[in-house]
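Note sheet for the following structure.
The values are calculated or read from the model by the stated rules, or taken from the named source; none is laboratory data. Every value quoted in this text rests on a predicted model; they were computed, and no experiment measured them. Positions of Cβ are generated from backbone atoms using ideal geometry, with glycine treated the same way; all protein chains shown enter the neighbour counts.
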Amino acid sequence: MKEIVRTLESPCGISELAARHGITVEALRYYEREGLIETSRNTAGQRVYDVAAQDALAVILALRGAGFGIREIARFMALKSPGTSAEQRLTAAEAELARLRGELTRRREAIDHAETLLADWQQEIDEYRAHH
């Protein structure tokens, strides 16, 4: 999992923020298009990421690292709107983690089943070779 990068105390540009977090500028643009990060523009029209946008990116990257998808992150980030309590955000995050744990369990079961099938096939091949 990537280390969470400390937020700068002042606004920064897209290249600097991307480099600090080890992501591409296109990833930042994507998060903006998806409505996950709000940016402003300077007089030259370049994106400027304030402290709130930097904090949002840290949350996004932490959630991505934990296996959350963009839709799930968008739902979580929407909860950070005014009027949403920390308890509501926590409840939503816990529900998503429970969903991810269930998905992980299903995938582990599918892997176990596939390994059993492969072992059976290997045994059939070994038996065939032993008799032919």
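Observations on the structure shown:
- Neighbours by Cβ (under 7 Å, 6+ apart or cross-chain): first from segment 111-128, among the β-branched types (Val, Ile, Thr); second part of a helix (DSSP H, G or I) and exposed (fewer than 10 other Cβ atoms within 10 Å of the Cβ): none
- Inter-residue pairs, beta-carbon under 8 Å, first of a type in the set (Phe, Trp, Tyr) and in segment 25-37, second buried (at least 16 other Cβ atoms within 10 Å of the Cβ), 6+ apart: 31/37; 31/57; 31/60
- One residue stands out among those in segment 79-119 that are among the hydroxyl-bearing types (Ser, Thr, Tyr) and assigned to a helix (DSSP H, G or I): the one that is nearest to residue 37 (Cα to Cα), which is 91.
- Per the listing 56, 86, 92, the residue uniquely surrounded by 12 or more Cβ atoms within 10 Å (Cβ to Cβ) and either over 16 Å from the mean Cα position of the chain (by Cα) or in the same structural domain as residue 20 (by TED's automatic domain parsing) (or both) is 56.
- Which numbered condition residue 66 misses (of (1) surrounded by fewer than 15 Cβ atoms within 10 Å (Cβ to Cβ); (2) farther than 27 Å from residue 101 by Cβ; (3) in contact with a helix residue (DSSP H, G or I) (Cβ under 8 Å, 6 or more places away or on another chain)): (2)
- Of residues in segment 17-48 being of a type in the set (Ser, Thr, Tyr) and surrounded by 15 or more Cβ atoms within 10 Å (Cβ to Cβ), the one nearest to the chain's Cα centre (by Cα): 31
- Listed by position, the helices (runs of 4 or more DSSP H) enclosed by segment 22-78 that each have at least 3 residues that are out of contact with any Cys (no Cβ under 7 Å at 6 or more places or on another chain) and under 18 Å from residue 10 (Cα atoms) are 51-65.
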